[in-house]
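Novice: Quick one: structure below, then a few questions.
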Amino acid sequence: MPDPLIHRLKHLIVTTLKLEDVTPEQMADDEPLIGSGLNLDSIDALELVVTLEKEYGIKISSSEESRQALASIAHLAEFIRARADPARLPG
C-alpha cells in the first residue's frame, strides 16, 4: 500500500511547480529533487518550501535544512513527519 504522505507530496510537487511533463506516478521516492532527477532549480525549491510550510505548518529555516529536506521525496516525507503536527498529515 502506498505511503499516503509520499503520495500527497508527489501531487503537491506536480501541482505547485506546474510540471507538465511529469506525473506523480512517474516520480521515484528516492529520486533527487534538486539538480538531477526532477531537475528543480532554486526558485522551484523556494516555491515548494513555501507550499510545504503552509500545508504542514512546518518551518524550513535555512538553505542547508532545505537541501537536506529536498534531497528526495522520501527524505522530505521523513522531514515532515518529524516536524509536523500529526493531525495535518494524510491518513
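Derivation of every value follows stated rules applied to the coordinates shown; laboratory data play no part. This one's a predicted model, so the numbers in the text were calculated from it and none came from an experiment. Cβ coordinates were reconstructed from backbone atoms using ideal geometry, including for glycine residues, and neighbour counts include every protein chain displayed.
Novice: Provide Rg over Rh for region 2-51; use the alpha carbon set for both Rg and the Kirkwood Rh (inverse mean inverse pair distance).
Specialist: That ratio equals 0.92.
Novice: Output the Kirkwood hydrodynamic radius of region 17-91, Cα pairs only, in Å rounded to one decimal.
Specialist: Answer for region 17-91: a Kirkwood hydrodynamic radius of 12.8 Å.
Novice: Moving on. For the chain, what does the relative contact order come out to in percent, with C-alpha contacts under 8 Å and a separation of six or more?
Specialist: 34 percent
Novice: Enumerate by residue number the GluC sites (Glu not before Pro) in region 1-84 meeting two conditions: DSSP loop (anything except H, G, I, E, B), and at most 10 other Cβ atoms within 10 Å of the site's Cβ. Walk me through the numbers before you get to the answer.
Specialist: Values: sites: GLU20, GLU25, GLU47, GLU53, GLU55, GLU64, GLU65, GLU78; in loops: GLU20.
When the GluC sites (Glu not before Pro) of region 1-84 are filtered for loop state and at most 10 Cβ neighbours within 10 Å, GLU20 remain.
Novice: Right, something else. For the chain, what does -39500 (n - 2.57) per DSSP helix run (n ≥ 4), summed and divided by total residues, give at 222 nm, in deg cm²/dmol to the nearest 500?
Specialist: Rounded to the nearest 500, the figure is -15500 deg cm²/dmol.
Novice: Can you tell me which lysines have their Cα less than 19 Å from the Cα of LYS10? Leave out same-chain residues fewer than eight positions away.
Specialist: By straight Cα distance, LYS10 reaches LYS18, LYS54.
Novice: Here is a follow-up. Please give the charge dipole size of the chain, origin at the Cα centre, charges +1 on K and R Cβ atoms and -1 on D and E Cβ atoms. Round to the nearest 20 debye.
Specialist: Computed charge dipole of the chain: roughly 380 debye.
Novice: Restrict the search to the chain; then list the trypsin sites (Lys or Arg not before Pro) that DSSP places in a loop and that have at most 15 other Cβ atoms within 10 Å of their Cβ.
Specialist: LYS18, LYS59
Novice: Taking the dipole about the Cα centre of the chain, with the C-beta of Lys and Arg at +1 and of Asp and Glu at -1, give me whichever of ALA82, HIS11, VAL22 is farthest to the positive side.
Specialist: ALA82
Novice: Near LYS59, which aspartates and glutamates are there with a Cα under 19 Å away, not counting those fewer than 8 places off in the same chain?
Specialist: Of all the aspartates and glutamates, those that pass the test against LYS59 - Cα under 19 Å, at least 8 places apart if same chain - are ASP44, GLU47, GLU78, ASP85.
Novice: Using a Gaussian network model on the chain with a 10 Å cutoff between Cα atoms, which of ASP21, ASP44, ASP29 fluctuates the most?
Specialist: ASP21
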